[in-house]
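J.: First, the structure itself, so that you have it in front of you.
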Amino acid sequence: MTLFQEIITVGLCVAGTMLMRFLPFLIFSSKRPTPKYIQYLGKALPGAIFAMLVIYCLRNVSLFQGSRGIPEIIAIAVTVILHLWKRQMLISIAGGTVCYMLLVQLVF
C-alpha cells in the first residue's frame, strides 16, 4: 500500500467507527422511549456473545491430546468464580485470560 492508500484506509476505519458510535444516538433520541425490542437486545446479546466466545475458544480443545483441556477448564473456573464474586465482566475476562496464559506458558 502506498502512503495515500494507508491514510485513506485509516480514515475510512475512523469514519466507520465514529458512524457506528453516533448512529444509535441519532436514531434513538432521548425525547422518545427506546423500543422494547432494542431494550431486549441490550439485555440478551451480551450473554449470547459471551457464550459464542466460550464455544469459539473451546472448539479446538482435544480431550485426547496434550494437556487434555486442563488449562482451559481451570481458566474457565477462575473466570466463573471471579464473575460470581465481583460481577464485573472485564475483571472476569481479564482474570481468566491471565490465568490461562500463565498456565500455558509456565505450567503446561
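J.: Using only the Cα atoms of region 6-53, build the gyration tensor, take square roots of its eigenvalues as a ≥ b ≥ c, and label the shape rounded, prolate or oblate: rounded if a/c is under 1.5, else prolate if a/b is larger than b/c, else oblate.
T.: It is oblate, given that a/c is not under 1.5 and a/b is not larger than b/c.
J.: First measure r as the distance between the Cβ atoms of residue 59 and residue 87, then evaluate 1/(1 + (r/R0)^6) with R0 = 35 Å and state the FRET efficiency to the nearest 0.05.
T.: Computed FRET efficiency for residue 59 and residue 87 comes out at 0.80.
J.: So, one more: Using only Cα atoms and rounding to the nearest 10 degrees, what angle (0 to 90) does helix 89-102 make with the longest principal axis of the chain?
T.: 40
J.: Please work out which option in (1) 12.0; (2) 11.6; (3) 8.9 gives mean projected area of the Cα convex hull in nm² calculated from these coordinates, and answer with its label.
T.: Given (1) 12.0; (2) 11.6; (3) 8.9, the calculated one carries the label (2).
J.: Right, something else. For the chain, which whole-number percentage of the solvent-accessible area (1.4 Å probe, protein heavy atoms only) is attributable to carbon and sulfur atoms?
T.: Looking at the chain in its full context, I get 74 percent from C and S.
J.: Figure the gain on full extension for residue 50 and residue 5 (residue separation times 0.36 nm, minus the Cα-Cα span) and round it to one decimal in nm.
T.: Full extension from residue 50 to residue 5 adds 12.7 nm.
J.: Then there is this: Compute the FRET efficiency between residue 18 and residue 98 as 1/(1 + (r/R0)^6), taking r as their Cβ-Cβ distance and R0 = 22 Å, and round to the nearest 0.05.
T.: 0.10
J.: Could you work out how far helix 70-86 tilts from the main Cα principal axis of the chain, as a 0 to 90 degree angle to the nearest 10?
T.: 60
J.: Now a separate question. Per residue, how much accessible surface does the chain expose to a 1.4 Å probe? Answer in Å², no decimals.
T.: Roughly 85 Å² per residue, with all protein chains present.
J.: To test your reading of the geometry: what angle, between 0 and 90 degrees and rounded to tens, separates the Cα axis of helix 3-27 from the longest principal axis of the chain?
T.: 80
The values are calculated or read from the model by the stated rules, or taken from the named source; none is laboratory data. Quick caveat: nothing in here was measured; it's all calculated off a predicted structure. Neighbour counts run over all protein chains shown; Cβ positions are idealised from the backbone, glycine included. Only protein heavy atoms, including side chains, enter the accessible area calculation; ligands, DNA and RNA are left aside. Shrake-Rupley method; radii C 1.70, N 1.55, O 1.52, S 1.80 Å.
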